[in-house]
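Asks: What follows is a single structure, and I will ask about it in a moment.
The values are calculated or read from the model by the stated rules, or taken from the named source; none is laboratory data. Treat the numbers as computed from the prediction; the structure is a model and nothing was measured. Every residue, glycine among them, receives a Cβ derived from its backbone with ideal geometry; neighbour counts consider all protein chains shown.
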Amino acid sequence: MEVLRNDDGKCGSQNSEKNELRQGESDEWWVAFPADKGYYLSKVPTVESELHTIVQHSYDRGPFAMTIRQYLAWFDEVLAPTEPMFLLVPPDKVNWKLTEGSFTIGQLINHMPRALWFMAKVINGEEHPYTSIQRILVSNRRQESSSPEEAVALLKTFTASYKEAIARLGDDRFQNGIVHTPQKGRIQYWRYAAFTLEHHIHHLMELHVSLKVLHVKVDTGTLYVR
C-alpha cells in the first residue's frame, strides 16, 4: 500500500479512484484526491476556522470604526420605506393577521416605532418595564394597535428620540462602550444599534409580506424607497 504525504504531513492510501472525505486528527476534515502513487490530502476549512480567520482579520485592521454620523445615515436609509408602507395598510385590515400567532397589522405598525422608543431608553440607561426577554415577549402579547396615520405619528416621534439617544453617545462610547440590554445582555453600543435595525428590518419584511397577501401593490422598489 503506497501513501503520499502533503505539506502538513498527512497521508492517505491508494484504495479508490474517487475523491474521499475523511476525518483526521482533532476533528479536522480532509479531502483525499487520487494521485499516481496514492492520495494528496487537502484540509477542508471549517466554519470555526473560517470565523477565526475573519475575526483575526478584523482585529488586525483595528477597532470598529463606524462613526455615529455614518450609522445615522444607514439608519435613515433602512427606515426610509417604513412610513410609505404604513400608509399602504388598508384601514379596514388593521385587525388582520398573517398567521394565528402573528401581530395584527395594527399591532405590528404600533410595535415597530415603539421598539425605537424602548431601544432609546436602553441606550440612555433609563428605567423601563422590560427588564428581560421574557417580559418583552409577554408584553408583545398585549401589544396596542394603531391606525396607519397613528403609526406614522409614532414613527416620527420615536425615530427622533432614538436618533437623539445615539447622537448623545459620542463616537468613542458608540464604538467601544458597553450597554446592558434585556435582549442581548452586555454588548457594545454599536452592536445594539445594529440590532435595532435588524429588529426593524425583520418586522418591515413581515409587513411587506402581509401587504402582498392582502393584494396590496408592493414590490422590491417599495422596500428601497429613497
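Per-residue answers, yes or no, for (1) touching a strand residue (DSSP E or B) at 6+ places or on another chain (Cβ under 6 Å); (2) of a type in the set (Gly, Ala, Ser); (3) in contact (Cβ under 8 Å) with a residue 40 or more places away in the chain; (4) farther than 26 Å from residue 102 by Cβ:
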residue: 147; (1), (2), (3), (4): no, yes, yes, no
residue: 184; (1), (2), (3), (4): no, no, no, no
residue: 196; (1), (2), (3), (4): no, no, yes, no
residue: 204; (1), (2), (3), (4): no, no, yes, no
residue: 210; (1), (2), (3), (4): no, yes, yes, no
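Asks: Can you confirm whether segment 53-74 contains a residue that is modelled with pLDDT of 60 or more and either of a type in the set (Val, Ile, Thr) or more than 22 Å from the chain's Cα centre (by Cα) (or both)?
Replies: For segment 53-74, residues modelled with pLDDT of 60 or more and either of a type in the set (Val, Ile, Thr) or more than 22 Å from the chain's Cα centre (by Cα) (or both): present.
Asks: Now for a different question. I want to confirm something. Restricting to segment 142-186 and keeping residues that are among the β-branched types (Val, Ile, Thr) and buried (at least 17 other Cβ atoms within 10 Å of the Cβ), which single residue is farthest from residue 81 (Cα to Cα)?
Replies: So the residue we want is 179.
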